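See below for the structure under consideration.
Any read-out appearing in this document is the output of simple, stated calculations on the displayed coordinates, not a laboratory observation. Just so you know, these numbers come straight off a predicted model, no measurement behind them. Glycine gets a Cβ as well: all are built from the backbone with ideal geometry, and neighbour counts include every protein chain shown.
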Amino acid sequence: MFADYSMGELTAIFAMQGFAGLILFSVFVLMALGLAIIFGQMGVINMAHGEFMILGAYVTYLVSNVFSDYLPFLFSIYFFVAMALAFVVTGALGMFVEWAMIRHLYKRPLDTLLATWGLSLILQQIYRSVFGAREVGVTIPEWMMGSLPLTDMIEVPINGMFVMVLAVGISIAIYVLMFRSTWGKQVRAINQNRIMAGAVGINTEWTDRLTFGIGCGVAGVAGSAFTMIGSTGPTAGQLYIVDTFLVVVFGGAGSLLGTIASAFSISQAQSILEFFLSGSMAKVLTLLTVVGILMLRPQGLFALKLRK
Amino acid sequence: MVQNNPNFVLMVEDLTVSFDGFKAVNDLSFYVEPNECRVIIGPNGAGKTTVLDLICGRTKATGGSVNFKGQELLNMREDQIVHAGVGRKFQTPSVYEDLTVFENLELSYPKGHNVFGALFFRRDDTVKDRIQEIAEMIFLEELLQEKAAFLSHGQKQWLEIGMLLIQDPELLMLDEPVAGMSVAERKKTAELLNRIIADRSVIVIEHDMGFVADIATRVTVLHQGKVLSEGSMERVQNDPKVIEVYLGH
Amino acid sequence: MTPTKKTAFLTPKEMIGFAILAALIFVVLPLALDTFRLNLFGKYLTYAFVAVGLVLCWGAGGILSLGQGVFFGLGGYCMAMFLKLEASTPENTAIQSTPGIPDFMDWNQITALPWWWEPFHSFGLTLIAIIAVPVVFAFIIAFAMFRRRVGGVYFAIITQAIAAILTILIIGQQGFTGGVNGITDLRTLHGWDIRTDEAKNILYFVNGILLFAVLFAAHYVRKSKLGRLLIAMRDQEDRVRFSGYDVASFKIFVFCLGAAFSAIGGAMFTLQVGFMSPTLVGIVPSIEMVIFCAVGGRLSIIGAVYGTLLVNFAKTTFSESFPEVWLLGLGALFIAVVMAFPRGLAGIWADWVEPRLSSLFSRKTGDDSTAAPKTPAE
């Protein structure tokens, strides 16, 4: 399959596909981080995770409209405002959902799965009624357009770079939150022994709500970042939910590093395969491999062996 | 100690398990004779429950050997170990709450244990009589049609013991059978156990020293995954090492 | 006291439950509905096969599969491939550049029938494949996962991923599978035109009879020791294991059984509706099938049929007139059935309707023995 290409071309192909893979990787990481917090730390399956992401995207879309209509001179920085707002709005919705629904279902994970699926249908319909069934896109600020030529055959788009930087930044932020903040300590304590955590004075109810909110907020930021590289429709969230869950499970639930490693391997495999096979076959092959490996090693890539 | 005595029912040798480097059970060896009642005692975290888990296949050992009547148990599945003749009772009573006492006992009846056997299992008179017999033994004959969820804590413990008895295992392992029981229930249980252990080997984990003295043939004291002392109740009770780590406080 | 009860295959109460359902399916619906509507209900009943399988897997066994559409689809595709080959005679397809192969293959520049289509020339092999292909597939999944003690949400996620993968594969390989449109334009079964009103009526009854066969099979399993073991496993898996059962083999069995039920439903869907497409395989239909079962009551096999009929009837009614309300309603249904009515219609029946019925009954006859509380309809 390589015979038709020269050495230089092959390098360029791998570099470009590798880069496309890196963008996909960033997208996966952004999507999966929120889920890794919610699923990994709380054991809750949130099937509406994709819809929380889309909410972040719609918030960004609204903010970009407001800026271009009323604050055109600040348009180049609207994205940062939008991202913060996306975090707050989706986070708040997440906390509300936790209060209204999730907290009643902690002992019934399979039921949570069905209930959040119901929530995802409702959100989809609300998006469709409010924003219309068609996809909407945002205007990217000028500084994010175009691409950087690295060599004469390899070019990297700036918006892609931006999403990558964002993914790295948010990963670091979550890592710090998780392992350096009081909240992170409480979350991990609850994950290991809920009753004991309650007994030593951690407000488990509030921590759960906050954790779910932060997980959803991160999803919102992911959605916000999406608008830089693609358009948004009411059902777009559903397209990603399987990939996202596989990324988290493949990485080993509870391990942030695992999530990132698995996002990296899945995205690279898929984008490199995509060049040689059709897009759908590349995806089938990648997902099948992941499922196959999960059948052989259900605990995922990174997991501790614990005394029962 | 005689290492190759063919009269031992169970020979545990150099048994080791490590959880990410932490050795919960470390080079442990002990031997159980037919009709012996062996009580394992030791402070919390000594590895008592882990030893039972290793023998019955719930936890996979890192090394060593568990030989039961000439069969190596370490590479067998849990259900195969049960069929070989080892029964296990858990620390917290684990019965099927949604099923009746009768159904609980019926599921443990040693017949129809594969998929099609279970599909075409007939509840014939032999089965019913045996369940009746066991139910009388465990003081539950009046409650056969009651859902297990409605039993008291002590009754659930008895039911689980009954579920083991109906299997008629040659080696019975009981993890704290009287924990959480009232004084009256405790007495009844001691009486029940004394009847049960007559014709089989038993390993019991227990903290209640009075109860241990009642039933034990020999006592093994575990500490940090190793045997600290072994012998008759009297000998163990007077062993200065045991007094220091366990009985002293 | 001697435990002699519950040895009969059907208690009088269960017999009445089956009789009422039979009356509804075989008498009331055919008399009340025109051929078009009856065929629509026939389509709903094919989903009920899946829901009944889910009662065993999920309700009793605690194994939630979000990929039942896979088995429904595999069964349906097997049937569709046979019908498509019968419809693609060289005479019928004379205008194609390669006559004698299905039209979509010709459109995709495929010039010879792929080898794995060949067995579907034979009706006997097709009937075997309808059951065997999904069951073997289910066995592989279940064997790999249950032997490694994977269950719960992991199993749900993996089965969902498999549904997604199969859908992408079918759509991507359109030359071999008919792609996103599926396999359409099916005409005859052994020369018998399945598109006529008469054929549709007959197929409705065949479907009903098969559904009852499946219901009885499921009822037998629930009543057997295996049924009690499933409940026991759901709550105390370790105890079952240490009572000497190989837990995985029971889970594999029940999952394969659910797959076989779904496959029969899928094959009947193809016959009655006249096509099979990836829209019935993927994530969305698979999870909707779970809600059919949940609405009926996850522990009740008869409830599963009512749940399926009700949800689908509502879906057709609402999405015809108010499509935007339907999705909201379906979403709310998912949430409500989980949070407020976890035992579904069967639970409502057992808690509200039955006590009232029986008190009414006992007042008339003076017999109060039936008023005692009873476990949900089984």
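So here's what we get for this one:
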| item | result |
| --- | --- |
| Pairwise FRET efficiency - B:Lys23 versus B:Ser152, Cβ, R0 = 35 Å, nearest 0.05 | 0.35 |
| Long-range HN-HN contacts of B:Thr59 with modeled amide H, under 5 Å | B:Leu54 |
| Segment C:Asn92-C:Phe216, extension gain: residue separation times 0.36 nm, minus the distance between their alpha carbons | 40.5 nm |
| Dipole axis of the protein assembly as shown (+1 Lys, Arg; -1 Asp, Glu on Cβ), positive-most option in C:Thr46, A:Val44, B:Val51 | B:Val51 |
| Sites A:Ala199 and A:Leu239, calculated FRET efficiency, Cβ-Cβ separation with R0 30 Å, nearest 0.05 | 0.10 |
| 10 Å Cβ neighbours from other chains, averaged over peptide B:101-113 | 4 |
| Shape call, region C:150-208: gyration tensor on alpha carbons, a/c limit 1.5 | oblate |
| Choice from C:Ser321, C:Ser286, C:Ser300 with maximal GNM fluctuation in chain C (Cα, 10 Å cutoff) | C:Ser321 |
| Lys, Arg +1 and Asp, Glu -1 on Cβ, resulting dipole of the protein assembly as shown about Cα centre, debye, nearest 20 | 1120 |
| Sequence of A:Leu121, B:Leu28, A:Leu10 once ranked by neighbouring C-beta atoms within 10 Å, starting from the fewest | A:Leu10, B:Leu28, A:Leu121 |
| Among A:Tyr58, A:Tyr106, A:Tyr70, residue whose mean-square fluctuation peaks in a GNM of chain A (springs only between Cα atoms under 10 Å) | A:Tyr70 |
| Inter-centroid distance (Cα atoms) of region A:1-77 relative to region A:117-192, Å | 5 |
| Solution diffusion estimate, µm²/s, Stokes-Einstein, region A:1-85, Kirkwood Rh from C-alpha pairs, 20 °C, viscosity 1.002 mPa s | 132 |
| Mean residue ellipticity (222 nm) of chain C, computed from DSSP H runs ≥ 4 via -39,500 (n - 2.57), nearest 500 | -21500 deg cm²/dmol |
| Peptide C:231-237, shielding by other chains (average Cβ, 10 Å cutoff) | 5 |
| Shape call, region C:12-282: gyration tensor on alpha carbons, a/c limit 1.5 | oblate |
| Partners for B:Lys187 among aspartates and glutamates (Cα-Cα distance below 19 Å; same-chain residues under 8 apart left out) | B:Glu136, B:Glu141, B:Glu160, B:Asp175, B:Glu176, B:Glu206, B:Asp208, B:Asp214 |
| Region A:21-237: mean projected area of Cα convex hull, nm² | 13.4 |
| Per-residue mean of C-beta atoms belonging to partner chains within 10 Å, peptide C:333-341 | 6 |
| Distance violations [Cα-Cα > 20 Å] among B:Lys60/B:Lys241; B:Lys111/C:Lys223; B:Lys128/C:Lys223; B:Lys111/B:Lys147; B:Lys147/C:Lys225 | B:Lys60/B:Lys241; B:Lys111/B:Lys147 |
| Part-to-part distance (alpha-carbon centres) for region C:158-213 and region C:218-247, which is given in Å | 34 |
| Inter-label distance for A:Ile293 and B:Gln80, nm, one decimal - labels placed 7 Å from Cα along Cα-to-Cβ | 3.0 |
| Estimated distance in nm for a label pair at A:Asn191 and C:Glu118, the labels positioned 7 Å out from Cα along Cα-to-Cβ | 5.4 |
| Helix-only mean residue ellipticity at 222 nm for chain B, each DSSP H run of n ≥ 4 adding -39500 (n - 2.57), per residue, nearest 500 | -9000 deg cm²/dmol |
| Amide H within-cut-off set for B:Met173, under 5 Å, with H built and near neighbours excluded | B:Gly87, B:Arg88, B:Lys89, B:Ile203 |
| Values of log10 I(q)/I(0), in the order q = 0.16 Å⁻¹, for chain B under a Debye, Cα-only, solvent-free model | -1.22 |
| Prolate/oblate/rounded call for region C:259-371, Cα gyration tensor, a/c under 1.5 rounded | prolate |
| Extension reserve of the C:Leu125-C:Phe205 stretch, reckoned as 0.36 nm per residue once the Cα distance is removed | 26.4 nm |
| Nonlocal amide H pairs with A:Glu155, under 5 Å, H built at 1.01 Å | A:Leu150 |
